[in-house]
1. As an exercise: evaluate residue 101 against (1) more than 17 Å from residue 30 (Cα to Cα); (2) of a type outside the set (A, V, I, L, M); (3) in a strand (DSSP E or B); (4) over 16 Å from the mean Cα position of the chain (by Cα) and give the number of the one condition it does not meet.
2. Sort through 10, 35, 46, 53 and tell me the only one that's closer than 25 Å to residue 131 by Cα and surrounded by 16 or more Cβ atoms within 10 Å (Cβ to Cβ).
3. Specify the residue that is farthest from residue 22 (Cα to Cα); the eligible residues are those in region 104-132 that are of a type in the set (Ser, Thr, Tyr) and part of a loop (DSSP other than H, G, I, E, B).
4. Taking the condition of being without any contact (Cβ under 8 Å) to a residue 40 or more places away in the chain and closer than 19 Å to residue 153 by Cα, how many residues in region 79-132 meet it?
5. Kindly evaluate residue 64 against the criterion of being at positive phi and in contact (Cβ under 8 Å) with a residue 12 or more places away in the chain.
6. List the number of the failed condition for residue 70; all other conditions in (1) within 30 Å of residue 17 (Cα to Cα); (2) in a strand (DSSP E or B); (3) out of contact with any helix residue (DSSP H, G or I) (no Cβ under 8 Å at 6 or more places or on another chain); (4) at pLDDT 95 or above hold.
7. From the residues in region 6-43 that are of a type in the set (Val, Ile, Thr) and out of contact with any Asp or Glu (no Cβ under 7 Å at 6 or more places or on another chain), which one is modelled with the lowest pLDDT?
8. So residue 76 ticks every box in (1) of a type in the set (D, E, K, R); (2) under 19 Å from residue 115 (Cα atoms); (3) at pLDDT 95 or above; (4) out of contact with any Ser or Thr (no Cβ under 9 Å at 6 or more places or on another chain) but one. Which box is left unticked?
Amino acid sequence: MPNYAESYVGRIRKLVGKEKLIIVATRAVMQDHEGKILFVRRSDNGRWVMPSGALELDETLLEGMTREVKEETGLEVVSARPMGIYTYPASVTAYGDPYYQLSVQFLVEEWAGTLLSETDETVRACFFPIDRPPEGIASHYHEVLEDLRKYDGRFILK
């Protein structure tokens, strides 16, 4: 897949400079059979995140989420359902660029393949207990984990 400069967001960023953008992204919540949550450690800034990323031009939400999961974990999404939409109006990329993020969160119900511990985008991938996520995760992941603990199947809108 394209690197940041070649991505849709990277190309738009080149045109608008540091102007704030609205970015549509997806996030995958993946639980193993013990209920642990998958986090990956990004190679660009070392942060632990759930598999996620911005849409590319002409992708559907589901296509974008499955692409990001594949790129960051090596896993193939077999089935998933939208769980919620989260908005983050004051975000900054790993490259220091301001943006307003609209993130569609999917609950991945089934996947196939072998989890890769390292990819072009990640340096580690592993499952963490829901009450003991990796240290230093962004505050919005704590919100997502809390919502997941209480999740009853109703769509979340934040």
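The values are calculated or read from the model by the stated rules, or taken from the named source; none is laboratory data. Predicted, not measured: the structure shown is a model, and the values here were computed from it. Neighbour counts are summed over all protein chains in view; Cβ atoms, including those assigned to glycine, are modelled from backbone coordinates with ideal geometry.
1. So residue 101 meets the others, but not (4).
2. 53
3. 114
4. Qualifying residue count for the region: 4.
5. The answer is no for residue 64.
6. Exception for residue 70: condition (2).
7. 9
8. It fails just one condition, (4).
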